[in-house]
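The values are calculated or read from the model by the stated rules, or taken from the named source; none is laboratory data. Just so we're clear, the structure is a prediction, and the values are computed from it rather than from any experiment. Please note: Cβ atoms are built from the backbone with ideal geometry, for glycine as well, and neighbour counts cover all protein chains shown.
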Amino acid sequence: MGPNATVTGPGRQRAAAAGGDATPPVVEPGAAWGEYLAAARQLDGVRRSAAAAAGEQARSAEAAREELTVVRSGLASQQELLRELGVPAISLVPSPPELTEAARSMAGGPAAVLAALRAARGRAEAADAALAARGRFRPGSWPARARNLLVYGPFALVVPLIQVAVYAATGIGPASVAALICGLPMPAVAFVAGWVGIGRLFRVGPAERLDRTVRFGALVCLVPAVLVTAGLLLALLAG
């Protein structure tokens, strides 16, 4: 076989492979474009998910700030009311275990903080409802006139009742006349006693002013005395 002889068959194939003449596989352009589109869609989905998560966190953080303002305001009013009721100040401060538990419950990000604040607001509103229910049975929470009537009324009735009792016991005589005369200045005394008693019995905050309903109190103290005095005077004149 001469030098220019052509080698065919398996020997030629092995020689071509050894010499690096193997043809690389052909990649179809359509398949490459499809892979690119799939990767682009996947990347866009990741981007959209990240943007949605960031937006949700921002909304949760804003809602948590608003909720915190409401909770702080409610707790401040509750603390002031409880101090007026005599609750020790140390009982109104959270303990270290409570702070630790609160921090653990809010470790999940803005959404967890918002959930914890909403739960705290619910408990604060329940406490407000309980305090309001108890307050309905305390005269200090009544309207000013109804509350002050509990003080002015008894003082206004003391002297007229004494006058009626003296008249019923002695009839028309010097004792009834003396009781009638002594009872004339007593409405003013009853009003002053009621004014002082309201200040002693009912307390308000430092920034508030106690409403003693002066005109109403004077009327309450004056009306029974006038009616009883007029009745006794008519009875004495008739006798």
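Kindly check whether there is at least one residue in region 146-153 that is in a helix (DSSP H, G or I), more than 13 Å from Cys221 (Cα to Cα) and within 44 Å of the chain's Cα centre (by Cα).
Scanning region 146-153 turns up at least one residue that is in a helix (DSSP H, G or I), more than 13 Å from Cys221 (Cα to Cα) and within 44 Å of the chain's Cα centre (by Cα).
Testing Leu82 on (1) surrounded by 14 or more Cβ atoms within 10 Å (Cβ to Cβ); (2) in contact (Cβ under 8 Å) with a residue 24 or more places away in the chain; (3) not small (Gly, Ala, Ser), one condition comes back false. Which one is that?
Only one criterion is unmet by Leu82, namely (2).
Could you tell me which of the residues Leu219, Leu233, Leu201 is closer than 30 Å to Arg83 by Cβ, in the same structural domain as Pro143 (by TED's automatic domain parsing) and not β-branched (Val, Ile, Thr)?
Leu201
Out of all the residues in region 164-177, which are surrounded by 13 or more Cβ atoms within 10 Å (Cβ to Cβ) and either among the acidic types (Asp, Glu) or assigned to a helix (DSSP H, G or I) (or both)?
Hits for region 164-177 are Val164, Val166, Tyr167, Thr170, Ala175, Ser176, Val177.
Output the number of the condition that Val93 fails; it satisfies all remaining conditions of (1) surrounded by 14 or more Cβ atoms within 10 Å (Cβ to Cβ); (2) under 20 Å from the mean Cα position of the chain (by Cα); (3) modelled with pLDDT of 75 or more; (4) hydrophobic (A, V, I, L, M, F, W, C).
Going through (1) surrounded by 14 or more Cβ atoms within 10 Å (Cβ to Cβ); (2) under 20 Å from the mean Cα position of the chain (by Cα); (3) modelled with pLDDT of 75 or more; (4) hydrophobic (A, V, I, L, M, F, W, C) one by one, Val93 breaks only (1).
Any chance region 7-17 includes a residue that's part of a helix (DSSP H, G or I), surrounded by fewer than 11 Cβ atoms within 10 Å (Cβ to Cβ), modelled with pLDDT of 75 or more and out of contact with any strand residue (DSSP E or B) (no Cβ under 7 Å at 6 or more places or on another chain)?
So far as region 7-17 goes, no, none of its residues is part of a helix (DSSP H, G or I), surrounded by fewer than 11 Cβ atoms within 10 Å (Cβ to Cβ), modelled with pLDDT of 75 or more and out of contact with any strand residue (DSSP E or B) (no Cβ under 7 Å at 6 or more places or on another chain).
Can Glu66 be described as surrounded by fewer than 16 Cβ atoms within 10 Å (Cβ to Cβ), at pLDDT 75 or above and touching a Gly at 6+ places or on another chain (Cβ under 8 Å)?
no
Just to be sure before I move on: is Ala119 modelled with pLDDT of 70 or more, in contact with a Pro (Cβ under 8 Å, 6 or more places away or on another chain), of a type outside the set (Val, Ile, Thr) and exposed (fewer than 15 other Cβ atoms within 10 Å of the Cβ) in the structure I sent?
No, not satisfied.
Is it true that some residue in region 205-220 is on the phi > 0 side of the Ramachandran plot, out of contact with any Asp or Glu (no Cβ under 6 Å at 6 or more places or on another chain) and either in a loop (DSSP other than H, G, I, E, B) or surrounded by 14 or more Cβ atoms within 10 Å (Cβ to Cβ) (or both)?
The answer is yes, given that some residue of region 205-220 is on the phi > 0 side of the Ramachandran plot, out of contact with any Asp or Glu (no Cβ under 6 Å at 6 or more places or on another chain) and either in a loop (DSSP other than H, G, I, E, B) or surrounded by 14 or more Cβ atoms within 10 Å (Cβ to Cβ) (or both).
Looking only at residues in region 160-195 that are within 18 Å of Leu234 (Cβ to Cβ) and among the β-branched types (Val, Ile, Thr), which one is farthest from the chain's Cα centre (by Cα)?
Only one residue tops the list, namely Ile172.
Test Thr100 against the stated conditions and say whether it is exposed (fewer than 13 other Cβ atoms within 10 Å of the Cβ) and farther than 30 Å from Arg203 by Cα.
yes
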